[in-house]
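Everything on this sheet refers to the single structure shown next.
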């Protein structure tokens, strides 16, 4: 067995399995693969058996803080075993990559492994939506598709641009093309949060990518920068990808101001989407028209090298959707 760390010369090898039904569709986009896996921040490991691609696993080593102490987690992505017996090797690669491992979302196959190994499940993170759109699912009868569309039309539209007066007048957001050091909070009200380096943020949420559109906003109070918000924008949706700040309520206000900014000229309200575990932030989002549809995402932290000593109460945690590859799904904007 040969073990390779992906570089752009390996793309033809990766394409060996493109017709396999288990092959992740995102990996068919060469520009995405070379950006995501050849940058030095996230790596794709290739398992090769006598010239045949036997398995793949991407590993994103992510820096968090818990009780203001550094905590390094390994998140896996696009992991597929194409040949028997490779899954165990992939799992060992994952477990050895960092003291703890993170799953936020994940397939049922992934969670079967998590449960079997006794990983720690935290309270699932609620999805909040405004202007929800009900997509047609395969197998839906015609009456159900029509009922979904009708429900979407009947729900009240949320236009945050018209509700800015309900937010603190001293708070503003300013769109930026790149991260600056002062955007990263020096102090935090959150017991657990993603706290990557400036270099990681500039790579992962870059605003100039051709296949995904991120928009970055600095949250400001006069001359003081309180944090930042990253939004992922498509023609139909706006996701809150990542945010951080020095005050939980003001951060939530900054998120709302950034959403108002990008949707102000929408002829038809786009769907607005975010995950939040923080109790006070959730209350503010609900006040401004978001709805908790009881759709949740599992959050699991585990590992073999060190036991997790984290408490189960996540109500002061800052959890954002677009960690690991959660926001990096095909079709991309240029497909």
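The values are calculated or read from the model by the stated rules, or taken from the named source; none is laboratory data. Computed from a predicted structure; not experimentally measured. Cβ: placed from backbone, ideal geometry, glycine included. Neighbour counts: every protein chain shown.
Quick one: is residue 51 loosely packed, with under 12 Cβ neighbours inside 10 Å, touching a strand residue (DSSP E or B) at 6+ places or on another chain (Cβ under 9 Å) and over 18 Å from residue 91 (Cβ atoms)?
In short, yes.
Does the stretch 248-265 include one or more residues that are buried (at least 21 other Cβ atoms within 10 Å of the Cβ), in contact (Cβ under 8 Å) with a residue 60 or more places away in the chain and under 25 Å from residue 109 (Cβ atoms)?
no
Examine the stretch 208-219 for a residue that is at pLDDT below 95 and either crowded, with 17+ Cβ neighbours inside 10 Å or not in a strand (DSSP E or B) (or both), and state whether such a residue exists.
No; the residues of the stretch 208-219 include none that is at pLDDT below 95 and either crowded, with 17+ Cβ neighbours inside 10 Å or not in a strand (DSSP E or B) (or both).
Kindly list the number of the only condition in (1) within 12 Å of residue 125 (Cα to Cα); (2) buried (at least 20 other Cβ atoms within 10 Å of the Cβ) that fails for residue 281.
(1)
Does the stretch 288-304 contain any residue that is modelled with pLDDT under 95, assigned to a loop (DSSP other than H, G, I, E, B) and touching a strand residue (DSSP E or B) at 6+ places or on another chain (Cβ under 9 Å)?
For the stretch 288-304, residues modelled with pLDDT under 95, assigned to a loop (DSSP other than H, G, I, E, B) and touching a strand residue (DSSP E or B) at 6+ places or on another chain (Cβ under 9 Å): present.
Which residue, of 89, 46, 83, 73, is in contact with a strand residue (DSSP E or B) (Cβ under 8 Å, 6 or more places away or on another chain) and part of a helix (DSSP H, G or I)?
None of the others qualify; the one that does is 89.
Restricting to the stretch 150-173, and then to whatever is outside any loop (DSSP other than H, G, I, E, B) and loosely packed, with under 13 Cβ neighbours inside 10 Å, can you tell me which residue is modelled with the lowest pLDDT?
150
Of everything in the stretch 23-40 that's assigned to a loop (DSSP other than H, G, I, E, B) and at pLDDT 95 or above, which residue is farthest from residue 202 (Cα to Cα)?
Filtering first and then ranking leaves 23.
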